[in-house]
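K.L.:
Encoded as structure tokens, here's the structure I'll be asking about.
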Amino acid sequence: MSQRTKGKCKYCGKEYTAGYMSRHLSSCKERQKRLDAMTGKRQCGYFLLHITAKYDRDYWLFVEMRDTATLKDLDDFLRDIWLECCGHLSAFDIGKDRYEVMPSDDFFWGAPAKNMNHSLKSVLEQGMTIGYEYDFGSTTELLITAVNHRTGCMQKDKITILSRNNPIEYVCSECGKKPARVICTECYWDGEGFLCEDCAKTHECGEEMQLDICNSPRMGVCAYDGSDLYPDQFVPDTEKQNA
């Protein structure tokens, strides 16, 4: 795909590619103002995480997460925003250790995986990149990098989205003119199958093979049809204030 997608900063609303957003968030003046204005006695550590699809870097997220939150908290978030369709299993690979949502105690294949009830600060360090898998059949693989770590006032939410790639726009594979709204899961693997509303009605594979186009690396896989909790377009605080 390689469209070098852009996304908006939560604090200032400016658009950057993922590579530049990683640097921008560390120097964003509006973000620093917000952090400086926070008050409270309780201090907490936070990781800035860059999350991207392993094989399609056009899908990406930047989130800040409390370091006392667990891998299970991160797993829940990833399912909610990008992945959940049929309650599949999932796992993190961190160094030589594997952390699964439902680990087995079977030693047949070697040491069993650990559970996800480990805090981020017990398994992560700044600069580390870890792997994540959702669904061990039709697997969606992610890479998660701990960009940096800071200490500050404890915020209400364990995890905050700082930026997300804007939805990717596709043109209908059949008419080549109108914006695509659904994808044919049968044709998708051949690089086709993006369908506008009109072409979807007459597509030879039938409507039962179609899923909504969504802002996720799991688009077109299994029964994934988008997130029920997070809209495809991330809205920065500046646009919320002006709405």
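K.L.:
Specify the angular offset, from 0 to 90 degrees and rounded to the nearest 10, of the alpha carbon long axis of helix 18-27 from the longest principal axis of the alpha carbons in the chain.
P.N.:
The angle comes out at about 30 degrees.
K.L.:
In the set [x] 1.65; [y] 1.10; [z] 1.00, which value of Cα Rg over 2.2 N^0.38 Å was calculated from the structure you see?
P.N.:
The value matching this structure is [y].
K.L.:
If you rank Thr160, Thr185 by fewest surrounding Cβ atoms within 10 Å, what's the result?
P.N.:
Values: Thr160 14, Thr185 19.
By the 10 Å Cβ count, ascending, the order reads Thr160, Thr185.
K.L.:
Could you state the number of Å between the C-alpha centres of segment 1-60 and segment 91-162?
P.N.:
The distance from the Cα centre of segment 91-162 to that of segment 1-60 comes to 20 Å.
K.L.:
Classify segment 34-147 as rounded, prolate or oblate, taking a ≥ b ≥ c as the square roots of the eigenvalues of its Cα gyration tensor: rounded when a/c is under 1.5, otherwise prolate if a/b is larger than b/c and oblate if not. Show your work: numbers first, answer last.
P.N.:
Numbers: a/c = 2.02, a/b = 1.48, b/c = 1.37.
It comes out prolate by the Cα gyration axes.
K.L.:
Just grab the label-to-label distance for Asp237 and Asn115, each label 7 Å out from Cα along the Cβ direction, in nm (one decimal).
P.N.:
Using points 7 Å along Cα→Cβ, the separation is 3.6 nm.
K.L.:
Another question, if that's okay. Provide the packing ranking of 214-225, 190-201, i.e. peptides ordered by the mean count of other C-beta atoms within 10 Å per residue, highest first. Kindly include the intermediate steps, with their values, before the conclusion.
P.N.:
On the way: 214-225: 20.2, 190-201: 16.6.
In descending order of packing, they fall as 214-225, 190-201.
K.L.:
Further question on the same structure: What FRET efficiency, computed as 1/(1 + (r/R0)^6) with R0 = 25 Å and r the Cβ-Cβ distance, is obtained for Tyr16 and Asp212, rounded to the nearest 0.05? The partial results should precede the final answer.
P.N.:
Details: r = 27 Å, r/R0 = 1.09.
About 0.40, to the nearest 0.05.
K.L.:
Describe numerically, in nm with one decimal, the distance between label points set 7 Å from Cα along Cα→Cβ at Asp36 and at Leu89.
P.N.:
It works out to 5.0 nm between the two label points.
K.L.:
To the nearest 20 debye, what charge dipole does the chain have about its Cα centre, counting +1 at the Cβ of each Lys and Arg and -1 at the Cβ of each Asp and Glu?
P.N.:
Numbers: 31 positive and 38 negative charges, 380 e Å.
The calculation lands at about 1820 debye.
K.L.:
By counting other Cβ atoms within 10 Å of each Cβ, how are Tyr59, Tyr230 ranked from fewest to most?
P.N.:
Working: Tyr59 23, Tyr230 17.
Ordered by Cβ neighbours within 10 Å, fewest first: Tyr230, Tyr59.
K.L.:
Which FRET efficiency, nearest 0.05, do Ser27 and Lys156 yield, Cβ-Cβ r, R0 25 Å? Walk me through the numbers on the way to the answer.
P.N.:
Working: r = 25 Å, r/R0 = 1.00.
Result of the calculation: an efficiency of 0.50.
K.L.:
Still on this structure: Which is farthest toward the positive dipole end of segment 69-223 among Phe77, Thr185, Cys205, measuring Cα position about the Cα centre, with Cβ charges +1 (Lys, Arg) and -1 (Asp, Glu)?
P.N.:
So the residue we want is Phe77.
K.L.:
Still on this structure, please answer the following. Could you give the nm distance between label points at Thr139 and Lys178, where each point is 7 Å from its Cα heading toward the beta carbon?
P.N.:
Each label point lies 7 Å from its Cα, and together they span 3.9 nm.
K.L.:
Can you compute the helix-only [θ] at 222 nm over the chain? Use -39500 (n - 2.57) per DSSP H run of at least 4 residues, normalise by all residues, nearest 500 deg cm²/dmol. Walk me through the numbers on the way to the answer.
P.N.:
Numbers: 6 runs with 43 residues, N = 243.
Mean residue ellipticity, 222 nm, calculated: -4500 deg cm²/dmol.
K.L.:
Taking neighbour Cβ counts within 10 Å as the exposure measure, how do Val63, Val235 sort from fewest upward?
P.N.:
Val235, Val63
K.L.:
Set the Förster distance to 30 Å, then compute FRET efficiency between Asp80 and Cys205 from the Cβ-Cβ distance, nearest 0.05.
P.N.:
According to the calculation, E is roughly 0.55.
Here, each number is a calculation from the coordinates, and none is a lab measurement. These numbers come from a predicted model, not from an experiment. Don't worry about glycine lacking a Cβ; one is built from the backbone with ideal geometry, like all the others, and counts go over all protein chains shown.
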